[in-house]
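The values are calculated or read from the model by the stated rules, or taken from the named source; none is laboratory data. As the structure is a computational prediction, the values presented were derived from the model and not from experiment. In this analysis, Cβ positions are derived from the backbone assuming ideal geometry, glycine residues included, and neighbour counts consider all displayed protein chains.
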Amino acid sequence: MVLCGRGSDAVYLNPEELEYVSLNLGIIGASITFELFSLYSALQGICQDGGRPTGGFRVFPEAMKLLSKAAPTSRFIFFEDTAALLGLVIAGAALLISSATGHTVYDGIASIIIGIMLLIIGFYTAKQNMDSITGEAADPELVCMVGDFVKTLPEITDIHRIKTMRVGPAAYLLNLIVEGDKDLTLAEVDDINFRVKMEIEKKFPEIRYTHVTMIEQDSTDNWSEYCRNVAEAEK
């Protein structure tokens, strides 16, 4: 019931009965079909950003694993399509219930639920995109894989520090400080740094920019300590 006031007059208007229910349900059904296609395309885009192109029924679980690695645009499209699809399902269900019971209050409740859902998804998407814009770090699993690989390279005795920052869709900047023998000459150090950079970018295509610095070996096993800290943080 809607209350309209003008001066000292008040007019109460009863909500109108639902009309063209079958037509509305048909439009909602068609919209759901289109949204499913759009959502499937978004899931494929997420898999592509994560470096694991996938199709068919496996695309959904694979995309969920790679969601954090996807580009901000791909994540936004995914959340937008998901919200639209859920909204259509809720609207369709509310329309059916309202038509069956004759009470249009369910249609209003559905509108409130859809509005709250869009608000939550909007804030979540904004936070996700802000993390990417401000330099989100690479997944710890990728960092550990890179570190373990570097440790196997000749003349690298330890990894002193490793930092990563997202610079694009599935693209990262890597800042690496490694340790080596103190008797190496400056020319040898430069050659090793360049070789390590090339080996990393060849092995890990998502590492687009690499900066390697070598320092004198110390008595601390820095890489093992780093791996232990990562393992404890994931518990």
**Q.** Every residue from the range 45-81 that is surrounded by 17 or more Cβ atoms within 10 Å (Cβ to Cβ) and among the polar types (S, T, N, Q)
**A.** GLN48, THR54, SER74
**Q.** Of residues in the range 112-131 being small (Gly, Ala, Ser) and either in the same structural domain as VAL167 (by TED's automatic domain parsing) or surrounded by fewer than 13 Cβ atoms within 10 Å (Cβ to Cβ) (or both), the one modelled with the lowest pLDDT
**A.** ALA126
Q: Output the residues belonging to the range 176-235 that are farther than 18 Å from PHE149 by Cβ, in a strand (DSSP E or B) and not aliphatic (A, V, I, L, M).
A: GLU216
**Q.** Those residues of the range 208-224 which are surrounded by 15 or more Cβ atoms within 10 Å (Cβ to Cβ) and modelled with pLDDT of 90 or more, in sequence order
**A.** THR210, VAL212, MET214
Q) Only one residue in ALA10, ALA91 is at pLDDT 80 or above and assigned by TED's automatic domain parsing to the domain that holds THR125. Which one? A) ALA91
Q. Would the range 163-185 turn up any residue that is of a type in the set (Ser, Thr, Tyr), under 25 Å from ASN229 (Cβ atoms) and either surrounded by 16 or more Cβ atoms within 10 Å (Cβ to Cβ) or without any contact (Cβ under 8 Å) to a residue 12 or more places away in the chain (or both)?
A. yes
